[in-house]
1. Out of region 44-60, which residues are under 15 Å from His15 (Cβ atoms) and surrounded by 14 or more Cβ atoms within 10 Å (Cβ to Cβ)?
2. Can you pull out every residue in region 290-313 that is within 14 Å of the chain's Cα centre (by Cα) and not acidic (Asp, Glu)?
3. What residue, of Leu95, Leu135, Leu85, Leu76, is over 27 Å from Gly189 (Cβ atoms), among the hydrophobic types (A, V, I, L, M, F, W, C) and either surrounded by 19 or more Cβ atoms within 10 Å (Cβ to Cβ) or in contact with a helix residue (DSSP H, G or I) (Cβ under 6 Å, 6 or more places away or on another chain) (or both)?
4. Taking the criterion of being out of contact with any strand residue (DSSP E or B) (no Cβ under 6 Å at 6 or more places or on another chain), of a type in the set (A, V, I, L, M, F, W, C) and in a strand (DSSP E or B), would at least one residue in region 81-92 satisfy it?
5. If you go through region 147-176, how many residues are in contact with a helix residue (DSSP H, G or I) (Cβ under 6 Å, 6 or more places away or on another chain) and either crowded, with 17+ Cβ neighbours inside 10 Å or among the hydroxyl-bearing types (Ser, Thr, Tyr) (or both)?
6. Considering region 177-201 alone, what residues qualify as being open to solvent by less than 70 Å² (accessible area, probe 1.4 Å), outside any strand (DSSP E or B) and touching a helix residue (DSSP H, G or I) at 6+ places or on another chain (Cβ under 9 Å)?
7. Could you tell me whether region 109-121 includes any residue that is surrounded by fewer than 21 Cβ atoms within 10 Å (Cβ to Cβ), assigned to a loop (DSSP other than H, G, I, E, B) and not polar (S, T, N, Q)?
Amino acid sequence: MTTLGVFFGGRSSEHRVSIDTANALIPILATLDDEVVWIYVCQDGRLLVCNSATADTYLDSDTPVDRLTTLPEYHLALSHGVMRLAPTSPEGAQLTIDVVLPVFHGSVGEDGSIQGLCQFFDIPCAGPTVLGAALSLDKAASKAIVRGHAIAVPDYRLIDINTIDPDQLQLPFDGPYVVKPRTQGSSIGVGFVRDRSELPTAIAQARPFGTECLIEQYIPAIEVHCYVLKTSTTMMTSRIAGKVPNSEIYSHETKLQAASSLRRLIDTDFSPATIDRIQHQARTVFNLLDGRGLARVDFFLRNNGELLFNELNSIPGLRRTPASGSYNSWANHGIGFRDVVAELIRP
């Protein structure tokens with residue numbers, strides 16, 4: 001029997017998002033034949049561990065961090081082809097991990113770092129490659145590569161927050177603007193700017209999440225996405241979906257609101273030609289950014305039919321609800337999300 005190590009939590013600002021994703025995977029992984037070890041990475045870097053029998057008790061809660069911090073601590077031991085977890089308490093048993101499934105979100109985890117660690121020690125790791133993870137989190141690098149292959153992206157400028165004077169900033173495009181940290185997900189630190197006078201505030205809002213940010217031209221459009229699954233044996237694109245937020249941008253606050261706050265779109269809301277175009281562009285972008293595993297590719301679709309690449313999420317977030325993202329996206333292949341996860345963890 002294979003032992004799967006699910007790493008979640010982490011030291012980024014998206015710590016809680018990662019916990020939600022791990023929580024959503026509990027009932028899915030319980031239907032598979034693998035033994036699962038849940039490895040919670042505290043924000044101070046400690047590793048706390050539980051098994052599938054107790055994972056629900058700790059993760060499926062309104063206050064999971066309070067519960068998770070009571071778990072026993074383990075130390076990570078690595079050698080070529082071997083990953084072990086050694087308990088710091090004499091009562092615990094040593095655990096061996098055969099396959100790593102990282103579900104971190106944001107910097108320090110979704111940036112290729114854990115993938116690089118596994119690659120260095122030849123430990124199987126499900127999900128993105130080192131390069132694919134790093135590129136997907138870096139909005140400037142991913143947009144530059146995609147635009148260089150004649151795929152439209154919103155106009156943008158990358159700035160150094162520490163050296164730029166917002167009052168002297170020259171932008172080659174008109175507003176409104178969207179300000180985004182260069183390496184951040186879940187719309188954290190993203191601000192909508194109606195006119196130039198609001199730029200300093202939006203740039204300052206992005207500063208806690210890195211020294212660089214993107215200033216993008218705001219695109220009035222609906223947001224559409226398509227999932228791509230690629231392993232050593234298969235490559236599939238999901239049904240497409242979209243959302244119309246109740247504000248100018250799909251902000252972090254909007255994502256935390258109830259589903260009723262959004263108008264959600266499904267593939268029947270789009271023409272067959274539009275569906276084909278989005279799926280084709282998703283596959284193209286996925287391959288350009290060294291995609292592997294399960295990713296969500298996000299686009300803007302304008303009223304005139306123009307499609308612009310927004311970002312690729314190499315570890316899509318999940319919530320334990322039937323309305324969440326990838327759960328209902330694979331009917332076009334006659335499979336459920338359980339089958340997608342089973343394929344994902346066999347890299």
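The values are calculated or read from the model by the stated rules, or taken from the named source; none is laboratory data. What you are looking at is a predicted structure, and each value in this text was computed from that prediction instead of being measured. Every residue, glycine among them, receives a Cβ derived from its backbone with ideal geometry; neighbour counts consider all protein chains shown. Just the protein is used for accessible areas: all its heavy atoms, side chains included, with ligands, DNA and RNA removed. Shrake-Rupley method; radii C 1.70, N 1.55, O 1.52, S 1.80 Å.
1. Within region 44-60, the subset under 15 Å from His15 (Cβ atoms) is 44-48, 58-59.
The answer is Arg46, Leu47, Leu48, Tyr58, Leu59.
2. Hits for region 290-313 are Gly291, Arg292, Gly293, Leu294, Ala295, Arg296, Val297, Asn310, Leu312, Asn313.
3. Leu85
4. yes
5. 3
6. Arg182, Thr183, Gln184, Gly185, Ser186, Ser187, Ile188, Gly189, Val190, Leu199, Pro200
7. no
One line per residue, one yes/no per condition, for (1) hydrophobic (A, V, I, L, M, F, W, C); (2) within 22 Å of the chain's Cα centre (by Cα):
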residue: Cys125; (1), (2): yes, yes
residue: Ala150; (1), (2): yes, no
residue: Arg157; (1), (2): no, no
residue: Ile164; (1), (2): yes, no
